[in-house]
Each structure stands twice: as C-alpha cells, then as structure tokens.
Amino acid sequence: MNDLFLRACRNEPTERRPVWLMRQAGRYLPEYRAVREKVDFLTLCRTPELAAEVTLQPVRRLGVDAAIIFADILLPLDAMGAGLHFAAGDGPTFDRPVRTAADVAALADPDVERELGYVFAAIGEAQRGLAALPAERSVPLIGFGGTPWTLAAYLVEGGASKHFGHLLSWSFEDPRGLAQLLRRLAEVSARYLTAQVDAGAQAIQLFDTWGGLLDAKRFRELALPALRIVVEALRDRPEWVPLIYYLNNGAHLLPELRDLPVEVLSVDWRLPLDEVRTIVGPGKVLQGNLDPTALLASPQRIEEATAELLRRGGGGGHVVNLGHGILPQTPPEHAQAFVSAVQRHALAPVG
Ligand code: CP3
C-alpha cells in the first residue's frame, strides 16, 4: 500500500511529499457528472456503492496519495432533524433553521449508527475498492466532518449566507445560548467521527470553512471549546488516527491553534507556508495551500506555482493540497498537472 500520506501526517521523513485535493471527488470530473445525471446529490451520499465509486474516481484518474470518503459535512444536521435539501444549482437549505434556545432543545439527538449508517457502509465499501487496486494505487482513506462552528453557520442561517447575520448577531446577543448549540453539535460530531474511524477511516479532517469569521478572542471563547470536545473525543481512542484541522480565511487565528492536539494544520493560500510555520511552530505538519483558482491557469503556470509552493512548504512536514476545494470548472488535466508536478519532485529531500 502507498502509505506516504499517513507517514507524512506522523511527521516522519518521506521519499516525497504526498498530495491530494480537497473536494477531489466532484463536478470537475466527467465520470462524477455521469453518476450525478442518474441520481441527486443526497441519494448519491446515501447509496454506499455509488459513494464508494465516486470516492475512487480521483484515485484512479489522478493517482492522488489519499482518498476522501464521498459525503457532506451537513449530513449529521439532517440526522438532527433540520431537514436538509440541495436544490439543483443552489447550495444547501434547511427546513428548520436553529435560532433560539427552543430550537436547540428541539434538535434530535440521533443514533448515528442508525441515521448515518450509510456513511459508515460507504467507508467499508470504499476500503474494499481501495484494497482491490494495484498496491501502489491503494491509498489511505480520510473521513471528515465540519467543526461545530462551521456546522452552526449553515444550521443557523438555514443554508449558505453572505453575511451570516443570524449567526453573528446571536453570537453577540446571547453567546451562552449559541454555545449550547455548539456543544450539541460537538457531541453528535464526536460520535459521528468516532464511528467513521471504527468503520475504517484512517485519518479525520475537520473542515472549519467559516472559522475565519471570528476575531481571535471570540474564536477562543466560542468556537475553540466546542472544537476541542470533538478533537478530544477522537484523541481518547485506542486506535491512533491523524487529525487534520482545516481553517479557511483564518491567518489571524493561527496563534490560537498552536496547542490544538491535531497532527496536521490545513490552511488556505493567503499566507505562504513558511510564514504559517513560524507562527504555529515546528510541531505541526502543514497541509495546503495552492489557490484553487491557480488550477484554471495553464499547466505551465501550474507547474511554476507548484514549484513555489513546494519551496515555501519545505521547511518541515508537508501534505500538499489546495488551500480550499477544487473548483467545478477546473479542467481535469490541470488537476493532473498539479498532482504530477508534486509527485515528480520525488527525489528532492523534504526539509
Ligand atoms: O472532498 C471530497 O471529494 C469529498 C466530498 C465532499 C463534499 N463536500 C461533497 C460535495 C467534502 C469533503 C465536502 C465538504 C463540505 N461540504 C464543506 C467543507 C469544505 C469547503 O468547501 O469549505 C462544506 C462547506 C460543505 C457544504 C456544502 N456541500 C455546500 C455549501 C455545497 C453546495 C456548494 C457546492 O460546493 O457545490 C455542498 C454540495 C456538495 N458537497 C457537492 C459535492 C460534490 C456538490 C453537489 C453536486 O454534485 O451537485
């Protein structure tokens, strides 16, 4: 098996740096769109054979060094009774947004094995698919979820939002009430992510897409305690799995993350990795951080941008990735140019 990714997460020296892409299974791939022509997004998530199939698509096509299970961060919120929909072309919407203490109290406390069992079945199915690939193509499988704060951002707004007015006004008006919601989300996430590990996920990534909305003090007081509940639940397990915390738009929050007990810190492109490293110290492996729009430029430019990324990330453990999800309009050959440029860097020493 190609276990480069897991060794890099442990901060062991590796013969080259591993590479995978956030949102690597998705609409930029024609083979994904072919599956989506037949089923809607939530049906795809809830059908383990299909979810496993699209999980493997980027592994087969691009030869990335890790797979990530096909699912969505919002699925546990549906299991909590919020009523999740994805309308064609629009983002997610919830029938029952949560904006008051009574709304929090009305949320269900789901039996994750029963309500989200399809995700765990997909993980098992994807692991069988990965095991059947040629050894050098067989890669570790990442499970994932949203952080409590980022889950709350969607649940309180009732979907995607430009200004997050409901969420942020609640955070000023009644931070304790919002903290109650974050705690509920943390408890469900802890069970959901632990079950992903039990089902065969070999690493867990926590997506904090909206963490950067908060200033450092409010991040520390509101978002971090709930995040810690999730991280500590995963730490408190006999099986060691690396934890990856992804923070978008949060360069101002990096000093808050030095002591978070995760192996890997995944960052957006707004600060170069050598500067991130001086802030968070040598103890963290970094993941990232090519601007996803760079993949819309020519392969020649992509190679140049990748060389620069490898140079700036080379001062310590580095899992190469984008700084946010790959864009749907990315030509697959451009994604390939990025992955190949990293993998050709094989004999260059890390560090
Ligand atoms: O990385 C992977 O390939 C695994 C699959 C994955 C999806 N969503 C599938 C998906 C992962 C890791 C996610 C994470 C996710 N989902 C995040 C965090 C990462 C980020 O991008 O910030 C967030 C915020 C969501 C919530 C979500 N899901 C939104 C806002 C949307 C609509 C907008 C969009 O990006 O399309 C989704 C839908 C979604 N999730 C799609 C996919 C492939 C597109 C659905 C389709 O096929 O039409």
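Values in this text are rule-based calculations from the coordinates and carry no lab data. Here the structure is a predicted model, which means the values were calculated and not measured. Don't worry about glycine lacking a Cβ; one is built from the backbone with ideal geometry, like all the others, and counts go over all protein chains shown.
Here the chain is described by how far its Cα atoms reach on the three principal axes: 58, 46, 42 Å, from widest to narrowest. Calculated FRET efficiency, D236 to V39, Cβ-Cβ distance, R0 = 41 Å: about 0.65 to the nearest 0.05. Of the GluC sites (Glu not before Pro) in the range 82-151, not one is in a loop by DSSP (not H, G, I, E or B) with at most 12 other beta carbons within 10 Å. Cross-link partners of K217 among lysines, defined as those whose alpha carbon lies under 25 angstrom from its own and excluding same-chain residues fewer than eight positions apart: K162, K284. Work through the residues other than L21 whose Cβ is under 12 Å from its Cβ and net out their charges, Lys, Arg +1 and Asp, Glu -1. Neighbour charge sum, excluding L21 itself: +1. Between the range 80-119 and the range 35-78, how many Å separate their Cα centres? About 20 Å separates the Cα centre of the range 80-119 from the one of the range 35-78.
Rg over Rh for the range 1-75 works out to 1.04, both radii taken from alpha-carbon positions and Rh defined as the Kirkwood radius.
The HN-Hα couplings worked out from phi for the range 250-264 by the Karplus form 6.51 cos²θ - 1.76 cosθ + 1.60 (θ = phi - 60°) are x, 4, 6, 9, 4, x, 6, 9, 3, 9, 6, x, 10, 6, 10 Hz, whole numbers, x standing for Gly and Pro. Rounded to 0.05, the FRET efficiency of the A216 and D95 pair, given R0 = 35 Å and the Cβ-Cβ distance, is 0.50. Roughly how far apart, in whole Å, are the Cα centres of the range 202-221 and the range 277-343? Between the Cα centre of the range 202-221 and that of the range 277-343, the gap is 21 Å.
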